[in-house]
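In what follows, a structure is listed as structure tokens, so that the remarks can point back to it.
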């Protein structure tokens, strides 16, 4: 950080992924477009996880939704 560059950033969404307004892949594509290439530094997405909002957990237990999608993008 000596040059004071941002080394990573994230975003938070309450319902965007749960309501399928966008996907993890679409978020990464937007980050790349905004940065002018694949070196966008988007490293985190914060989602709500609670007993009231179990949709994302249920999807993950069935191999669907943003959690497995993000894991696949990170490893691929």
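Just so it is clear, none of the values below were taken in a lab; they were calculated from the coordinates. These figures come from a predicted structure and were not determined experimentally.
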Practice item. For helix 24-35, report the angle its Cα long axis makes with the longest principal axis of the Cα atoms of the chain; keep it between 0 and 90° and round to the nearest 10°. Key: 20 degrees
Revision key, fill the gap. Semi-axes of the chain from the Cα gyration tensor (sqrt of 5 times each eigenvalue, largest first, whole Å) come to 25, 14, 11
Study note, to complete from the structure: Asserting the computed 222 nm helical MRE of the chain (DSSP H runs at least 4 long, -39500 (n - 2.57) per run, divided by residue count, to nearest 500) equals -11000 deg cm²/dmol
Check your understanding: Taking the Cα atoms only, what angle lies between the long axis of helix 66-75 and the longest principal axis of the chain, rounded to 10 degrees?
Key -> 40 degrees
